[in-house]
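Presented below is the structure to which this report refers.
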Amino acid sequence: MCLVGRVGNTPMSGSFADGFARSRAGDWARKAQGMLAGFPDGAAGRAAGLIVACYEGGGKVLACGNGGSAMEAQHLVAELVGKFERDRASLPALALHHNPASLTAIANDYGYDNAFAHQVDALGSPGDVLVAISTSGDSENTVRAVLTAREKGVVTVGYLGGNGRGGRLGDLVDVPVFLDAQDTATVQVGHLVLTHAICGLVEEALFPNKAVFLDRDGTLIVNRHYGSDPEKIELLGGVVEGLLKLREAGYKLVLVSNQSGVARGYFDELAVARMHDRLQRMLDPHGAALDGLEYCPHHPEGITHPYAIECACRKPAPGMLRRAARKHGVNLSASWMVGDIEADIEAGHRAGVRSVLVGPEESPVPPDYRATDFTDAALHILESSAETHGTSEQSTAGLGS
């Protein structure tokens, strides 16, 4: 079959059509390449810094734009709420076009020019960041959103275009980021790259740490059925040495423990606190005290109010790991979960960390590694870290000898 294309009213053969398409595709790519050669590194870094400061202060990011810029606002929000390159705790962000009921109600009652400003007024708080996206910098609804943000104490970033002018928004936003191109399509390519640059910088700044999440009973200490007597805590062999080597390799050490005995009425949270205080006092003289202690007191079959509930923190749910990741700035992609039962392994997998199963119990959810004891678990993590990052073998010295 003969393929025929057209340029205007002129038919052309398939081979000529292919060549024409290739040359035009190259034109678009070269335009984008030329724009990115002058990518505004400094302004992108300042924008990312504002967003980092916002999140460190407990704030959120709002984003708005029209058409393709609305999609870029949604793209930015998706990377912040979900993840960009690192599994980690979620970051609060909202695209202002995303709720069609609010958008159309405001537009119907107050005009489309106010569709974003009303939402900024309702949702914005001092210390938040508004990212206003406009290739021209003159979209009226985006301009009004920025003016409202300034009144609310919301910091503003502009995704803009066009030779460092950026229309009206260029003079209004706190950090204007200009992508130097005259046509909308090429500016939008730059905005996509800008989103990726900002999200990468934000993740690196807020989640720089790696961690080993540690089950308690049967992993760090001898498992005593619903144990709550601090004087009966007995560290398992190799735990102190393993924790020290993991810390030397740069890992945060965070305990994540199910304590359903609280919900079941066997002991209270004060008893859990006494157990953990005793554990820390046993580890501290060796320099192996844990960096964080998370526990879940809930169980849906419990008898004690308010603990007898279904929750998001009881392993195999990943809630404790994600909570700790936010507290300690943990990059879950670079982290591990060490435990002795299936619930530990599943919690690790659901949180996005690698897992090690210690001891004889079987797990239908396969761990990344099966260890005979804590020494073996620590050694595997250290060797995997060395292989991944090219670190020195010094960190494994003294383990398993």
Subject >> Principal-axis tilt of helix 239-248 within the chain, Cα atoms, nearest 10 degrees >> reply: 30
Original post:
Can you list the residues, at least 5 places off or on another chain, whose amide H is less than 5 Å from the amide H of K252, using H built in the peptide plane?
Top reply: K210, A211, V212
Subject >> Within the chain, percent of DSSP bridges classed antiparallel, to nearest 5 >> reply: 10
Subject >> Nearest 10 degrees, 0 to 90: helix 269-283 Cα axis against the chain principal axis >> reply: 80
**OP:** Mind listing the long-range amide H neighbours of A93? Cut-off is under 5 Å, sequence gap 5 or more, other chains count too, H placed in the peptide plane at 1.01 Å from N.
**Re:** V61
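What ranking, highest mean first, results for peptides 342-348, 222-228 when packing means the other Cβ atoms within 10 Å averaged over each residue?
For the peptides 342-348, 222-228, the packing ranking is 342-348, 222-228.
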**OP:** Under a 10 Å cutoff between Cα atoms, tell me which one of A107, A89, A47 has the largest fluctuation in the Gaussian network model of the chain.
**Re:** A107
Original post:
Could you name the lysines in cross-link range of K31, using Cα to Cα under 30 Å and dropping any fewer than eight places away on the same chain?
Top reply: K83
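For every other residue with a beta carbon closer than 11 angstrom to the beta carbon of T195, add +1 if it is Lys or Arg and -1 if Asp or Glu, then tell me the sum.
So the surrounding residues net to -2.
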**OP:** Quick one: angle between helix 184-206 and the longest Cα principal axis of the chain, in degrees between 0 and 90, rounded to 10, please.
**Re:** 20
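Coordinate-derived values only; no laboratory data. As the structure is a prediction and not an experimental result, all values here were calculated from the model. Note that each Cβ is placed from the backbone with ideal geometry, even for glycine, and that neighbours are counted across all protein chains shown.
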